[in-house]
Amino acid sequence: MYFRLTNHFFLHVGVPLMIGLSFLLPDAAGFRLTLLAAALHEGCHAVMAFCLRVPVLRLTILPYGCHLRLAPVDLMREAKIAAAGPAGSLFLYFLFRGKTFGKINLILFLINLLPALPLDGGRLVRLLLLRNQGTYFVSRTLRRMGVLSCIFMVLYGFFIPSPFALCIAVLLFSYARSLPVPLLQKKAIRTRRVKIFHARSTDSLLSLSHYFSPFYSAAFSITDRGFLLTEAEITAILRQNAAARVSDVPVPRRLPPLSG
């Protein structure tokens, strides 16, 4: 359940309850400082999005952190927005060095460098991989990175000990397990690059769709039949028959022109 503060700003009902409860418990100031650090971290993302003129669709403050959802954007601007949060936390660490709030921001900075979604490190790794790899390979890689990061946080949480680290580990594991592999990926804006792969007539179109990415248009050179198959043609056929193979596609008239 959420409180809707503005059209794009939401507050989870658990946040004011937990803040109120923290005033009744001894040594709970750390929770309030952690929530403040997380809000400022996410605010850095929002400020960078505003500076780059990227619409913020939704900003949600949750009991365990914050979540920012943006409109579709090109690769470089999304990377800058993802990097703004850790950069802001690092700046706050140097600004409050030696104080509890500074240490919290340093921990937040280091945790967000882990290559696992939904952390900023995972978002940057995802963007880097999607530039040259398809969504299937990227999602499989991020699942493995998420599980490894979860194991690291569990070990960290037991040896420190830190209940917060264990909560982060649960979040990373649940996200890694549920990470989807979108079949027909929406394109980021200003996508003009074409990346050509090699395929055979025995390949399934579903397996070729694993090479799709938001940041380039895939085309496939069918080596044993001598023609080119575009991503748009594969998408149109898959929407009607998900079990189709390359051999089921009629040989086109001539090679379609490529640009980019």
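The values are calculated or read from the model by the stated rules, or taken from the named source; none is laboratory data. Just so we're clear, the structure is a prediction, and the values are computed from it rather than from any experiment. Ideal geometry is used to build each Cβ from the backbone, glycine not excepted, and the neighbour counts take in all protein chains shown.
So which residues in region 52-80 are hydrophobic (A, V, I, L, M, F, W, C), modelled with pLDDT under 85 and either surrounded by 15 or more Cβ atoms within 10 Å (Cβ to Cβ) or not in a strand (DSSP E or B) (or both)?
The answer is VAL54, VAL56, LEU59, ILE61, LEU62, CYS66, LEU68, LEU70, ALA71, VAL73, LEU75, MET76.
Spot the failing condition for VAL125; the list is (1) assigned to a loop (DSSP other than H, G, I, E, B); (2) more than 27 Å from PRO16 (Cβ to Cβ), and only one is missed.
That leaves (1) as the condition not met.
Could you pull out the residue among GLY146, GLY121, GLY134 that is touching a Ser or Thr at 6+ places or on another chain (Cβ under 8 Å) and either without any contact (Cβ under 8 Å) to a residue 12 or more places away in the chain or small (Gly, Ala, Ser) (or both)? So that I can check it myself, show each step before the final result.
Numbers: GLY146 fails: touching a Ser or Thr at 6+ places or on another chain (Cβ under 8 Å); GLY121 fails: touching a Ser or Thr at 6+ places or on another chain (Cβ under 8 Å).
Unique residue meeting the criteria: GLY134.
Could you grab me the full set of residues in region 83-94 that are aliphatic (A, V, I, L, M) and either within 19 Å of the chain's Cα centre (by Cα) or farther than 19 Å from ASN112 by Cα (or both)?
Restricting attention to region 83-94, the residues satisfying the condition of being aliphatic (A, V, I, L, M) are 83-84, 87, 90, 92.
The answer is ALA83, ALA84, ALA87.
Please tell me if PRO118 is at pLDDT below 90 and farther than 19 Å from PHE31 by Cβ.
Values: at pLDDT below 90: yes; farther than 19 Å from PHE31 by Cβ: yes.
Judged against the criteria, PRO118 is a match.
Considering only residues that are of a type outside the set (A, V, I, L, M, F, W, C) and buried (at least 18 other Cβ atoms within 10 Å of the Cβ), look in region 144-155 and name the one that is farthest from ALA79 (Cα to Cα).
Here is the first cut: in region 144-155, the residues of a type outside the set (A, V, I, L, M, F, W, C) are 144, 146, 149.
Imposing the further condition that a residue be buried (at least 18 other Cβ atoms within 10 Å of the Cβ) reduces the set to 146, 149.
Numbers: GLY146: 19, SER149: 21 Å.
Among those residues, the one meeting the criterion is SER149.
Is it the case, given these coordinates, that ALA83 is part of a helix (DSSP H, G or I), at pLDDT 75 or above and under 23 Å from LEU128 (Cβ atoms)? Steps first, please.
Numbers: part of a helix (DSSP H, G or I): yes; at pLDDT 75 or above: yes; under 23 Å from LEU128 (Cβ atoms): yes.
Yes, satisfied.
Could you tell me how many of the residues in region 220-260 are at pLDDT 75 or above, surrounded by 10 or more Cβ atoms within 10 Å (Cβ to Cβ) and assigned to a loop (DSSP other than H, G, I, E, B)?
The qualifying residues number 6.
Any chance region 148-165 includes a residue that's in a helix (DSSP H, G or I), modelled with pLDDT of 80 or more and closer than 29 Å to ALA71 by Cβ?
Looking for residues that are in a helix (DSSP H, G or I), modelled with pLDDT of 80 or more and closer than 29 Å to ALA71 by Cβ, one finds at least one in region 148-165, hence yes.
Those residues that are out of contact with any helix residue (DSSP H, G or I) (no Cβ under 7 Å at 6 or more places or on another chain), farther than 22 Å from ARG123 by Cα and part of a strand (DSSP E or B), I need them from region 202-219; list them, please.
Within region 202-219, SER204 is the sole residue that qualifies.
Here is a check on your reading of the model: is PHE101 modelled with pLDDT of 90 or more and not assigned by TED's automatic domain parsing to the domain that holds SER213? Lay out the reasoning, then the answer.
On the way: modelled with pLDDT of 90 or more: no; not assigned by TED's automatic domain parsing to the domain that holds SER213: yes.
No; evaluated as a whole, the condition is false for this residue.
Only one of (1) under 21 Å from ARG131 (Cα atoms); (2) at pLDDT 85 or above is not met by PRO214, so which one is it?
In the conditions (1) under 21 Å from ARG131 (Cα atoms); (2) at pLDDT 85 or above, PRO214 misses (2) alone.
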